[in-house]
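I have placed the structure first, in the form of structure tokens, so that the comments after it can refer back to it.
Each reported figure results from applying straightforward, stated rules to the coordinates on display, with no laboratory input. Every value quoted in this text rests on a predicted model; they were computed, and no experiment measured them. Cβ placement follows ideal geometry from the backbone for every residue including glycine, while neighbour counts extend to all protein chains displayed.
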Amino acid sequence: GAGVSQSPSNKVTEKGKDVELRCDPISGHTALYWYRQSLGQGLEFLIYFQGNSAPDKSGLPSDRFSAERTGGSVSTLTIQRTQQEDSAVYLCASSLVRAAGDTQYFGPGTRLTVL
Amino acid sequence: AQSVTQPDIHITVSEGASLELRCNYSYGATPYLFWYVQSPGQGLQLLLKYFSGDTLVQGIKGFEAEFKRSQSSFNLRKPSVHWSDAAEYFCAVGFHTGRRALTFGSGTRLQVQP
């Protein structure tokens, strides 16, 4: 079956511009996560959606970052007034939420470069 | 705060040699444990996971990992490394309650010499 897909694969933007990154999770997965991977770093959690519950936004680094998930499926991560420190690979993951433990499946990521 | 430590930033092994990548976590209870691999320009692929039960888990591509509660460790092993194993490896922990997001280590980059 299809995995998690993300678009665009690469995005180059100028400082101060807004960008939107898209994630299509695996069909039927109720949970969706956004992570950020900066150069030479591990993955940093950004935001988590689960069903109709309020999202866990505890990882968003500033109010320039926001995300939404429409219809319990596709998600868009928006970064407003981009800064050079926003340059990173943005990874999306999805999972089925199980009491016994969730396995997150990752998309290929969007590489964002802010000039 | 919960944390995951991968003490080796970079490891080089010869093809055919054995491999062990270290992972230690700091958490009050036993978390879920994962190893992911990331090839250049690719997303993360799940190698194996530990939720409960047998502490030695088998994964894809001939990898295995052993959970040692007393050492808070979940080291990844492979008896004979192939050149295609060159990649970055991430250990991650998840939790039984509360936040579902994973906490990742900073990764170990594996280089394989012919």
Just for the Cα atoms in the protein assembly as shown, what are the lengths along the principal axes, largest first, rounded to whole Å?
48, 40, 37
Between B:Gln58 and B:Gln113, what length in nm is gained on full extension when 0.36 nm per residue of separation is reduced by their alpha carbon distance?
17.3 nm
If the label point sits 7 Å along Cα→Cβ of A:Thr13, residues of region A:21-48 with amide N under 18 Å come out as A:21-24, A:34-39, A:46-47
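Would you work out the relative contact order for region A:1-63, in percent, from Cα pairs under 8 angstrom that are 6 or more residues apart?
Dividing the mean separation by the residue count of region A:1-63 yields 22 percent.
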Express the relative contact order of region B:9-114 as a whole percentage, based on alpha carbon pairs under 8 Å and six or more residues apart in sequence.
38
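Treating the beta-carbon of each Lys and Arg as +1 and of each Asp and Glu as -1, no other charges, what is the dipole magnitude of the protein assembly as shown about its Cα centre, to the nearest 20 debye?
Numbers: 21 positive and 19 negative charges, 43 e Å.
It works out to roughly 200 debye.
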List residues of region B:5-36, by number, whose backbone nitrogen lies under 18 Å from a label position 7 Å along Cα→C-beta of B:Arg69.
B:24-34
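Rounded to the nearest 0.05, what FRET efficiency is calculated for A:Ser66 and A:Arg22 with R0 set to 22 Å and r the Cβ-Cβ distance?
On the way: r = 14 Å, r/R0 = 0.63.
It comes to 0.95.
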Take every DSSP beta bridge with both residues inside region B:3-113 and express the antiparallel ones as a percent of the total, to the nearest 5.
85
Test item: Cα-centred dipole of region A:54-115, Lys/Arg +1 and Asp/Glu -1 on Cβ, debye:
100
For chain B, with only Lys/Arg (+1) and Asp/Glu (-1) charged at the beta-carbon, what is the dipole magnitude about the Cα centre, in debye rounded to 20?
340
Alpha-carbon Debye profile of region B:3-113, log10 I(q)/I(0) at 0.15, 0.17, 0.18 Å⁻¹:
-0.59, -0.75, -0.84
